[in-house]
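Structure first, then comments.
The values are calculated or read from the model by the stated rules, or taken from the named source; none is laboratory data. Fair warning: this is a prediction, and the values are worked out from it, not measured in the lab. As a convention, Cβ positions derive from the backbone with ideal geometry for all residues, glycine included, and neighbour counts pool all protein chains shown.
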């Protein structure tokens, strides 16, 4: 697809947090809303992200590009040590990608892969801007 960050930068659709037997206070990250914009990185377009890290460890959200005309749903998992994997599925299209990274304190570090485009291998670090779920 022409100008498709999913094919260019990774799957951002699907994060499910699994925290088996771990108390919420023991995890190395903070739950809440991570809503941010990442600027262009070379040929990878600027992206608008909205990711919620719930009290149960689930990650859900979306990423958009092209002036919010295109978007992908995100879902994934975070491990008790803060490592995460998200899958992205383009809404109304066939693009997919994978986003891997980590959550530490109020920060997410994300790397996009599997798009076959200029966003593959790009890494961003962003902060949580909205506390939530009592955190």
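Miscellaneous remarks
- When residues of region 64-88 are limited to those that are surrounded by fewer than 22 Cβ atoms within 10 Å (Cβ to Cβ), in contact (Cβ under 8 Å) with a residue 24 or more places away in the chain and under 12 Å from the mean Cα position of the chain (by Cα), the one farthest from residue 114 (Cα to Cα): 77
- Residues in region 96-135 that are closer than 16 Å to residue 43 by Cβ, at pLDDT 90 or above and surrounded by 21 or more Cβ atoms within 10 Å (Cβ to Cβ): 97, 112, 119, 122.
- Selection status of residue 77, modelled with pLDDT of 80 or more and over 15 Å from residue 128 (Cβ atoms): yes
- Within region 100-121, residues that are in contact (Cβ under 8 Å) with a residue 60 or more places away in the chain and at positive phi reach partners that are crowded, with 16+ Cβ neighbours inside 10 Å and assigned to a strand (DSSP E or B) with beta carbons closer than 8 Å, at six or more positions or on different chains, in the pairs 105/29; 114/96; 114/97; 114/98.
- The single condition among (1) modelled with pLDDT of 90 or more; (2) over 18 Å from residue 35 (Cα atoms); (3) surrounded by 22 or more Cβ atoms within 10 Å (Cβ to Cβ) that residue 61 does not meet is (2).
- Within the option set 42, 61, being touching a residue at least 40 places away in the same chain (Cβ under 8 Å), out of contact with any helix residue (DSSP H, G or I) (no Cβ under 6 Å at 6 or more places or on another chain) and under 13 Å from residue 123 (Cα atoms) holds for one residue only, 42.
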